[in-house]
Structures are given as C-alpha cells and as structure tokens.
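Structure first, commentary second.
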Amino acid sequence: MGVLDGLRVLDYGRFIAAPWCSALLADMGADVVRVEKREGGEDRWVQSVTEGGEGGTFLQCNRNKRSLTLDTTTDAGKEITRKLVARADIVVANMPAAGMRGSGLDYQTLRGVKPDIILACATAYGEGGPYSDRIGFDGAGQVMSGATYRQGLPDQPIRTVVPYADFGTALTMTIGVMMALYHRDRTGEGQQVEGALLPTAMMLSNAFLIERDLLGTDKPRMGNQGTSVAPCDLYRTSDDGWVLLQVAGQPMFKRWCRLVGRPELFDDPRFADDDSRWENGDTLNDIMSQWCADKTKAEVLDLLEAAKMPAAPMHSTQEVLDDPHVAAMGYLQRVPFPGAPHDVPIIQTPFRLSATPGVIRRRAPLLGEHTDEILDEIGYTTADIAGLKDRQVV
C-alpha cells in the first residue's frame with residue numbers, strides 16, 4: 001500500500017517542475033493521469049533517447065503515470081475535463097494564466113466543479129507581480145536569482161547545466177501539495193498551491209543576497225573554489241582524475257595541515273579562521289594542487305578518507321552508472337521502455353520512508369496509451385470513444 005493510494009491527480013504539466021511534482025505523488029501511490037495534446041506535449045520529445053523519440057527527462061518525470069490525449073479547447077474536451085476534475089483530488093499544471101483559464105483549469109473554475117480541489121501551479125515568476133505574464137525556463141530562475149552572477153570564471157558567468165530551479169520548484173510544490181492535503185483533511189477545504197522558479201532559485205542562493213545586503217559586497221566568481229572556505233576546489237591527480245575537497249573549521253584544517261606535511265600553517269595568522277583562509281585561498285589551493293599532482297585519484301581519495309576529510313571523486317556519467325554504492329543503494333532502477341536499446345536507469349524516489357516507500361510501478365506512458373481506459377472510467381462507451389477519436393478530440 002502506498003501512502004497516497006486512492007488519491008487521484010490530473011497532470012497538465014510540461015517539462016520538469018509540474019511533472020516531477022506529480023511523479024513523486026505517483027511514486028507514493030497516487031493515480032496520476034498525464035493529460036497532453038493529441039500530438040504529444042513538447043517535453044515528451046526533448047533529448048530523444050528512444051526509437052519513438054521520447055526524451056530522457058520525460059522518462060524520468062513521467063514514470064507511474066497514465067497518458068490521456070485530449071484537445072482541451074473543444075467543447076467535448078472541456079466536458080471531459082470537467083468529468084475528470086469532478087473525481088480528482090489534485091490538479092497539477094504549469095501553463096500561463098490565460099491558458100489555464102482557456103482550458104478551464106484556473107482555480108475558480110476548478111472549485112466550481114469540485115469545491116475541495118487542490119490546484120498546484122508552477123510558473124516562472126509567481127502570480128501578482130510585473131513579470132507574472134512572462135514565460136521562462138529553469139535558466140531564468142538561475143540568472144535572475146543572483147546565483148549565476150556569483151558562479152563561473154572571473155570574466156565569464158556560467159549557469160548550472162543541471163536544472164536545479166526546475167527540480168527545486170517541483171520539490172517545493174510537492175511539499176505544498178502535502179500541506180494542502182493535510183489542511184483539507186482537517187477542514188474539508190481545498191486551496192491553490194503555487195511554486196515558481198525565481199523564488200526557488202533565490203531560496204537556494206539566499207546566503208549570497210544576505211551577504212550583499214548586510215556587507216555591501218559580492219565575492220568574485222572563482223570557478224570551482226569555495227565561496228567561503230579554503231582549501232576548497234577540484235584538484236587534478238596524476239592519472240587525469242579530479243577530486244573535490246572542502247575544508248571548513250579548525251579541527252578539519254589542522255588535520256589537512258598534517259596530511260599535506262605543512263603543520264606550521266595551522267599557526268599562521270593568514271589562516272586563522274575560515275574567513276581568512278578564504279581570503280588567502282590561492283595559497284592553500286596551490287599547496288593542495290601540488291600535493292595531488294603526483295598521486296593517482298585512488299591514492300588521493302584513500303589518504304583523504306584516512307584523514308577524515310570531506311572529499312569525493314568527480315564522476316563521469318559512466319562512472320555514476322558503474323558506482324558500487326549507487327548499485328548497492330538501488331538509487332537507479334532499470335525500467336524497460338519500448339524503443340529503448342535496453343532497460344532505462346530511472347532515479348528512484350529521492351527520499352525513503354521506512355513503512356511506505358516510493359515505488360516505480362510502471363514506465364512512463366506512450367502517447368495516449370491509456371486514453372480508452374481513462375475515458376471508460378468516467379462513463380464513456382466504446383462508441384463514444386470512437387466518436388471522440390473521429391472528431392479528433394482525443
């Protein structure tokens with residue numbers, strides 16, 4: 001039994017923020033129906049990895065869901081939407097407000113159909129401000145949060161290739177949905193949950209804003225070096241590997257001094273605390289670079305682990321797939337998918353509950369794979385469904 005068994009979710013989301021939110025709900029047992037255009041949502045075909053054209057992020061973010069194709073702009077499509085909403089608990093979407101209203105998915109319309117419905121919306125900037133009508137992907141949150149301004153090379157800001165604003169928004173939306181469900185259980189009332197890329201990215205980099213506001217300064221972009229401690233960087237080893245080390249606090253710094261054979265550095269006033277070590281970080285990082293230069297990655301990691309230092313190897317994507325800890329923990333589940341050359345490594349639910357863990361029960365759906373099944377559940381006959389298909393409603 002999943003903790004959310006019996007809960008019905010309609011997913012009108014695209015790309016990451018909304019679909020990953022609903023995927024987590026599906027992992028925990030909710031029945032999630034992905035509603036998409038007859039030609040398929042745009043996110044289905046991005047970064048194609050299968051013969052059919054489905055993309056890697058789509059396969060991750062849409063496991064455990066069923067697929068219904070629907071033209072929500074037609075009268076028949078709007079009627080299907082009303083019937084779906086009438087028996088749903090949660091609607092998840094990330095389309096512009098005008099599109100929500102046009103499809104009958106705005107909160108006022110939804111609550112007119114189902115008074116206790118919960119609507120979870122993901123937007124770029126949030127509703128109610130001068131940017132609310134703008135569209136934006138993950139990068140918009142990154143560059144407008146101040147984070148990209150602080151990261152990269154001295155003369156080149158670099159946004160993060162990992163879409164952390166998108167996935168972070170999915171996580172905050174999921175938390176919001178669970179709070180709304182708890183509220184509904186206590187009061188019988190539904191509500192709207194809003195997640196947005198910009199505040200999510202600002203949350204993750206809030207310390208930079210606090211530092212600027214209180215001290216009136218911004219630290220320079222420093223590549224892979226630490227933003228507040230040293231030594232901290234990615235260091236190259238003799239076999240062209242890379243190792244990350246992050247040293248913080250006096251006990252750790254003392255162990256590092258002994259490890260690299262420079263015990264006198266511990267009493268050097270230039271390195272008296274984390275702030276001063278960061279100010280003189282080039283010196284410490286140079287020492288660490290030289291220490292690593294004649295050792296293999298394995299040797300460096302063994303020595304750092306023995307000294308109880310927080311270090312980690314930089315993995316290639318293949319090394320992640322081959323990592324024994326990843327395998328032992330079952331972080332990636334191999335899931336078959338039509339048209340994929342072999343079973344697809346899909347990340348498991350990123351949190352674990354001891355009594356009701358998340359489960360990947362089924363692969364991401366093919367386009368419209370469950371249309372007939374879902375329409376049957378809301379009262380459409382075989383003849384009705386054939387008519388809807390003839391009229392290109394589904």
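The values are calculated or read from the model by the stated rules, or taken from the named source; none is laboratory data. Values in this document were obtained by computation on a predicted structure and should not be read as measured data. Positions of Cβ are generated from backbone atoms using ideal geometry, with glycine treated the same way; all protein chains shown enter the neighbour counts.
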(message) So for the stretch 114-130 (the condition being at negative phi, assigned to a helix (DSSP H, G or I) and modelled with pLDDT of 95 or more), does at least one residue qualify?
(response) no
(message) Looking at the stretch 182-205 only, could you name the residues that are part of a helix (DSSP H, G or I) and either surrounded by fewer than 18 Cβ atoms within 10 Å (Cβ to Cβ) or among the polar types (S, T, N, Q) (or both)?
(response) Y182, H183, R184, D185, R186, T187, T200, M203, L204
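Go through the stretch 91-112 and give me each residue that's at pLDDT 85 or above and not charged (D, E, K, R). I'd like the intermediate steps shown before the answer.
In the first step, residues of the stretch 91-112 are kept if they are at pLDDT 85 or above; the result is 91-94, 100-101, 104-112.
Correct list: V91, V92, A93, N94, M100, G104, L105, Y107, Q108, T109, L110, G112.
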(request) Taking P220 as the residue in question, decide whether it is in contact with a Pro (Cβ under 7 Å, 6 or more places away or on another chain) and of a type outside the set (A, V, I, L, M). (result) yes
(message) Given (1) under 30 Å from F15 (Cβ atoms); (2) out of contact with any Asp or Glu (no Cβ under 6 Å at 6 or more places or on another chain), identify the lone condition not met by K219.
(response) (1)
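Can you pull out every residue in the stretch 131-164 that is aromatic (F, W, Y) and outside any loop (DSSP other than H, G, I, E, B)?
Narrowing the stretch 131-164 to residues aromatic (F, W, Y): 131, 137, 149, 164.
Selection gives Y149, Y164.
Among the residues in the stretch 143-155, are any surrounded by fewer than 18 Cβ atoms within 10 Å (Cβ to Cβ), more than 23 Å from L24 (Cα to Cα) and acidic (D, E)?
Narrowing the stretch 143-155 to residues surrounded by fewer than 18 Cβ atoms within 10 Å (Cβ to Cβ): 143, 146, 149, 152-155.
If we keep only those that are more than 23 Å from L24 (Cα to Cα) too, we end up with 143, 146, 149, 152-155.
With the extra rule that they be acidic (D, E), the set shrinks to 155.
There is at least one residue in the stretch 143-155 that is surrounded by fewer than 18 Cβ atoms within 10 Å (Cβ to Cβ), more than 23 Å from L24 (Cα to Cα) and acidic (D, E).
Do you know which residues across the stretch 139-175 are of a type in the set (D, E) and out of contact with any Lys or Arg (no Cβ under 9 Å at 6 or more places or on another chain)? Give the steps one after another, and end with the answer.
Let us first name the residues in the stretch 139-175 that are of a type in the set (D, E), namely 155, 166.
The one that is of a type in the set (D, E) and out of contact with any Lys or Arg (no Cβ under 9 Å at 6 or more places or on another chain): D166.
For the stretch 90-113, which positions are charged (D, E, K, R) and crowded, with 18+ Cβ neighbours inside 10 Å?
As a first pass, look at the stretch 90-113 and keep what is charged (D, E, K, R): 101, 106, 111.
Those that are charged (D, E, K, R) and crowded, with 18+ Cβ neighbours inside 10 Å: D106, R111.
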(message) What are the pairs with Cβ atoms under 6 angstrom where one residue, in the stretch 151-172, is on the phi < 0 side of the Ramachandran plot and the other, located anywhere, is part of a helix (DSSP H, G or I) and of a type in the set (D, E, K, R)? Sequence gap at least six, or different chains.
(response) P163/D138; A165/D138; D166/D138
(request) Kindly establish whether T371 is of a type in the set (S, T, N, Q) and surrounded by 16 or more Cβ atoms within 10 Å (Cβ to Cβ). (result) yes
(message) Could you go through the stretch 353-368 and let me know if any residue there is of a type in the set (V, I, T) and in a helix (DSSP H, G or I).
(response) no
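Out of D376, D372, which single residue is of a type in the set (D, E, K, R), more than 25 Å from W45 (Cα to Cα), at pLDDT 95 or above and outside any loop (DSSP other than H, G, I, E, B)? Reasoning before the result, please.
Working: D372 fails: more than 25 Å from W45 (Cα to Cα).
Matching residue, one of D376, D372: D376.
Filter the stretch 283-339 down to residues that are touching a residue at least 60 places away in the same chain (Cβ under 8 Å) and part of a strand (DSSP E or B) and give me whichever is nearest to V49 (Cα to Cα).
Residues of the stretch 283-339 touching a residue at least 60 places away in the same chain (Cβ under 8 Å): 285, 297, 299-300, 304, 309-314, 335, 337-339.
Filter again for part of a strand (DSSP E or B), leaving 311-313, 335.
Details: A311: 33, A312: 30, P313: 28, V335: 14 Å.
Among those residues, the one meeting the criterion is V335.
Restricting to the stretch 206-230, what's the tally of residues that are out of contact with any strand residue (DSSP E or B) (no Cβ under 6 Å at 6 or more places or on another chain) and buried (at least 18 other Cβ atoms within 10 Å of the Cβ)?
Applying the first criterion (out of contact with any strand residue (DSSP E or B) (no Cβ under 6 Å at 6 or more places or on another chain)) to the stretch 206-230 yields 206-220, 222, 227-230.
When the remaining residues are screened for being buried (at least 18 other Cβ atoms within 10 Å of the Cβ), the result is 208, 222, 229-230.
Number satisfying all stated conditions: 4.
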(message) I need the full set of residues from the stretch 231-268 which are among the acidic types (D, E) and surrounded by fewer than 19 Cβ atoms within 10 Å (Cβ to Cβ), in order please.
(response) D239, D240, E264, D267, D268
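Return the only residue of D322, D376, D343 being surrounded by 12 or more Cβ atoms within 10 Å (Cβ to Cβ), charged (D, E, K, R) and more than 20 Å from F58 (Cα to Cα). Can you show your working first?
On the way: D322 fails: surrounded by 12 or more Cβ atoms within 10 Å (Cβ to Cβ); D343 fails: more than 20 Å from F58 (Cα to Cα).
Residue meeting the stated conditions: D376.
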